[in-house]
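Single-structure report; data block below.
Bear in mind these aren't lab numbers, they're just calculated from the coordinates by the rules spelled out. Here the structure is a predicted model, which is why all the values come from computation and not from measurement. No Cβ is skipped: glycine too gets one built from the backbone with ideal geometry, and neighbour counts run over all protein chains shown.
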Amino acid sequence: MIKKTLCSIALAAALVPFVYSAQAQNYKGPPKPAISDYGPFTDSSSTSAGAKLEKSSSTSSSSGTCGNPAGSCLFYGGDFLFNPLYPPSLANGLANENNLLVGGTPYGAATWVPFTVPEGQTWKVTGLFTNNLSSYGVLDQAPLVPEAAAYWSINEGVEPGVPGTVVASGTSPATSTPTGRGAFALNEYTVQVTGLSFDLTAGTYWLIVVPLCTNTADPYCSGVFFLSDVEYLNTTPTNAFGPPEPIDAAFFDSPFFGLSFTPANGPLGACAGSGCDAFSAGVLGKKAK
């Protein structure tokens with residue numbers, strides 16, 4: 001079975017070429033971009049690369065925008081940080097996908113990210129996004145939407161083993177845009193849905209935005225997606241915005257891996273104690289006046 005965390009990404013990567021070779025020969029769809037169009041697939045951990053990545057980030061806490069493409073920001077957990085010197089075991093990610101390797105209904109695996117609407121506020125939500133480390137970052141035809149799409153949901157009252165109550169959810173057109181960051185021989189992509197319209201009153205919620213790539217004729221749909229984690233290394237994560245993300249409160253749910261709303265963090269959590277105390281995701285919209 002393909003593992004759910006990046007600690008075993010080598011196994012997942014080893015499986016991919018064998019799937020691609022057969023599918024590529026039978027692919028009858030419209031012309032696809034070259035794999036190089038989604039690269040380079042290299043670690044982005046050097047000092048010079050890091051400086052370039054910060055400059056290319058579309059998230060700006062000073063301007064109150066986040067997402068990729070950027071929009072009016074209500075909450076952003078912060079940028080993924082891959083720093084092999086402090087210590088490498090902290091950088092991680094959890095499977096967040098519905099594709100030919102990890103499939104299910106409505107997803108094969110989802111990482112639920114907590115956020116809080118402060119007392120006295122009402123948020124008018126127009127979009128959601130997650131930053132995912134991926135082999136190709138390609139979205140393809142979802143079962144119900146004949147275009148690039150993602151499944152999203154906001155729940156409240158989530159607890160270990162309990163999905164809570166769905167506040168709003170759906171399958172919506174989505175974009176997948178490189179952030180310029182990367183690690184573990186994967187590049188990071190922002191998977192973002194917009195055009196949403198619903199309100200959130202004060203309270204704690206959990207969000208998901210799960211990339212969909214379910215076209216059996218598309219070789220790119222055998223790529224992997226891992227939701228990037230965020231480590232609080234004694235400081236606020238780069239570009240974090242809005243109410244601080246609740247720490248050690250994320251959950252992992254996957255029919256494929258046989259886990260039901262398992263805490264992400266901790267020695268018995270989905271990441272087995274390696275990172276995953278917070279994740280790189282956000283909410284777009286405006287506060288109600």
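Before moving on, here are some points about what is shown:
- Summed residue charge, Cβ within 14 Å of K287's Cβ, Lys/Arg positive, Asp/Glu negative: +1
- Rg to Rh quotient for region 189-289, alpha carbon positions, Kirkwood Rh: 0.99
- Once the Cα-Cα distance is subtracted from the 0.36 nm per residue extended length, the A185 to T235 segment shows a gain of 15.4 nm.
- Spin-label pair S260/T122, simplified geometry with 7 Å Cα→Cβ offset, distance in nm: 3.6
- Neighbour-count order for V113, V138, V167, fewest beta carbons within 10 angstrom listed first: V167, V138, V113
- Over all pairs of different C-alpha atoms in region 65-201, the reciprocal of the mean inverse distance, the Kirkwood hydrodynamic radius, equals 16.3 Å.
- All other residues whose Cβ lies under 11 angstrom from that of N131 are scored, Lys and Arg at +1 and Asp and Glu at -1, for a net of -2.
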